[in-house]
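**Q** Dumping the structure here so I can ask a few things about it.
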Amino acid sequence: MNEYEHVNPKFHHILGLSKTERKDFLYQDRWIGYKQAEKVLTILSDLIRRPARNRISNLLFIAEPNNGKSTIVKKFVDTYEPDFVEDDCKHQRPVILAESPPKADEKELYIAILEQFMTPYRASSTKIKLRYQMYHLFRKLKVRMLILDEIHSLMAGTPVKQREVMNVIKAMSNELKIPIVGVGTVDALTVVHYDEQHASRFEAIKLKRWELNEDFQELVASFERVLPLKKPSDLSDPDSAELLFTISNGNIGNLHQLLIKCASYAIDNDVECINLEIIKKHGWVKPTQQSTFQEID
């Protein structure tokens, strides 16, 4: 029997590293698959494969803050990075992921998208010039999907500006005949559904908040498989899972940060597993809540 059965075999070598290196490993981006995430990836994959047509279906993907939506989108985008496409398609960019501007502004939207092409442009150019440069790059690189992250930020603008930007997004979809995916919090519904025409083009899907059930136990067990601890923690045990759920409030981002802090403590103090005492000690870790802090004694 392998003494490190509780850790994914591809990470066994990490267990032989120093404490500092193992703690650094905790903070590296790592994909944790779960049912809801896989369903969203399937929806995105189906959407990008649809043939071009006059009226394109778009998608609004929403979730609570820090609940995994951006991680899922990044996983999808990574699948379509140039390194993964065929040799004769190396100069294609199937998916463009851009962060929405901090306020509803047509020109700032064009600039945010052009930034992702890593090609020269003049920020001082007119909106028309920026728009057609963007269209040219989309066609040249055969972009098949545009994803606008943090789309709820478009609420920071007057209703007139919001309508202008949403009209621009609709025109982009019509002109390029590609699906546009908006990613954000529930507030994004206010922006997209302000006008019935826009609402009819955006199907909305929402990540549910986690519940304390077998799915959550499977999730914490998946996390345990990537924690560089030398002893099993048995995080899916009902008592541990319930305590993790209570502290994280069913938020996957909170859970991730909580487990990082607990695992780091276990490494520093040669405990090498996360037990109930350690979880209770880190009950203050709730990043999505304001004014949350750890008292130093």
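**Q** Given contacts defined as C-alpha pairs under 8 Å and at least six residues apart, what's the relative contact order of the range 132-282, whole-number percent? Each step should come with its number before you reach the end.
**A** On the way: 136 pairs, mean separation 27.1, N = 151.
Computed value for the range 132-282: 18 percent relative contact order.
**Q** In whole percent, what relative contact order does the range 35-206 give with Cα contacts below 8 Å and a gap of six or more residues? Could the numbers behind the result be given before it?
**A** Values: 254 pairs, mean separation 60.1, N = 172.
Dividing the mean separation by the residue count of the range 35-206 yields 35 percent.
**Q** Also, quick follow-up: Pulled fully out, how much extra length does the chain show between residue 200 and residue 136, if you take 0.36 nm times their separation in residues and subtract their Cα-Cα distance? Spell out each step's value before the answer.
**A** Values: separation 64, 0.36 × 64 = 23.04 nm, distance 2.74 nm.
Contour length minus Cα-Cα distance gives 20.3 nm.
**Q** Go through the range 155-161 residue by residue and turn each phi into a ³J(HN,Hα) via Karplus (6.51, -1.76, 1.60, θ = phi - 60°); whole Hz please, and just put x for glycine and proline.
**A** 5, 7, x, 5, x, 5, 5
**Q** Which ³J(HN,Hα) values, rounded to whole Hz and listed in residue order, are derived for the range 231-236 from phi using the Karplus coefficients 6.51, -1.76 and 1.60 in 6.51 cos²θ - 1.76 cosθ + 1.60 with θ = phi - 60°, glycine and proline given as x?
**A** 10, x, 9, 6, 5, 7
**Q** Could you work out how much longer the chain between residue 55 and residue 115 gets when fully extended? Use 0.36 nm per residue separation minus the Cα distance between them, nm to one decimal. Kindly include the intermediate steps, with their values, before the conclusion.
**A** On the way: separation 60, 0.36 × 60 = 21.60 nm, distance 2.71 nm.
Extra length available between residue 55 and residue 115 comes to 18.9 nm.
**Q** Additional query: Note the listed values (i) 54; (ii) 63; (iii) 59, then indicate which one is percent of Cα pairs over 24 Å apart calculated from this particular structure.
**A** (iii)
**Q** Let me ask you something else. Explain nothing, just compute: Karplus ³J(HN,Hα) = 6.51 cos²θ - 1.76 cosθ + 1.60, θ = phi - 60°, for every residue of the range 255-262 in order, whole Hz, x for Gly and Pro.
**A** 4, 4, 5, 4, 5, 4, 5, 5
**Q** Counting only C-alpha contacts under 8 Å and six or more residues apart, can you give the relative contact order of the chain as a whole percent?
**A** Numbers: 419 pairs, mean separation 71.4, N = 297.
Reported relative contact order: 24 percent.
**Q** Follow-up. Go through 211-222, 68-79 and give me the packing order, highest mean Cβ count within 10 Å leading.
**A** Values: 211-222: 15.7, 68-79: 18.8.
Going by the mean number of other Cβ atoms within 10 Å, highest first, we get 68-79, 211-222.
**Q** Report the extension gain between residue 221 and residue 11 in nm, rounded to one decimal, defined as 0.36 nm multiplied by the number of residues separating them, less their alpha carbon distance. Before the final figure, lay out the partial values.
**A** Values: separation 210, 0.36 × 210 = 75.60 nm, distance 1.53 nm.
Going from the current span to full extension adds 74.1 nm.
**Q** Here's another thing I want to ask about it. Counting only helical runs of four or more DSSP H residues, what would the 222 nm mean residue ellipticity of the chain come to if each run contributes -39,500 (n - 2.57) and the total is spread over all its residues?
**A** Computed ellipticity for the chain at 222 nm equals -13500 deg cm²/dmol.
**Q** Highest first, please rank the peptides 101-114, 135-148, 35-48 by the mean number of other Cβ atoms sitting within 10 Å of their residues. Spell out each step's value before the answer.
**A** Working: 101-114: 19.7, 135-148: 18.0, 35-48: 15.6.
Those peptides, ordered most packed to least, come out 101-114, 135-148, 35-48.
**Q** Treat each spin label as a single point 7 Å out from the Cα along the C-beta direction, and report the residue 24 to residue 174 distance in nm.
**A** Rounded to a tenth, the inter-label distance reads 5.3 nm.
**Q** Sticking with this one: Take the cross-link list 74/103; 39/230; 35/140; 10/75; 107/208 and give me the ones stretching past 31 Å between alpha-carbons. It would help to have the intermediate numbers written out before the result.
**A** Working: 74/103 23 Å; 39/230 33 Å; 35/140 36 Å; 10/75 19 Å; 107/208 34 Å.
Cα-Cα > 31 Å for 39/230; 35/140; 107/208; rest within.
**Q** Can you pull the one-decimal nm distance between simple spin-label points at residue 277 and residue 164, each 7 Å off the Cα toward Cβ?
**A** So the label points at residue 277 and residue 164 sit 6.2 nm apart.
**Q** Could you sort 225-233, 160-168 so that the peptide with the highest average Cβ count within 10 Å comes first and the rest follow in order? List each step's numbers first, then the result.
**A** Details: 225-233: 19.6, 160-168: 17.0.
The packing order, highest mean first, is 225-233, 160-168.
**Q** Still on this structure, I have one more. Which far-off residues, 5 or more places away or on another chain, put their amide H under 5 Å from the one on residue 104, with H placed in the peptide plane?
**A** The list, which skips near neighbours in sequence, is 156, 157.
Every number here is computed from the coordinates shown, using simple stated rules; none is lab data. Keep in mind that this is a model prediction, so the values were computed, not measured. In this analysis, Cβ positions are derived from the backbone assuming ideal geometry, glycine residues included, and neighbour counts consider all displayed protein chains.
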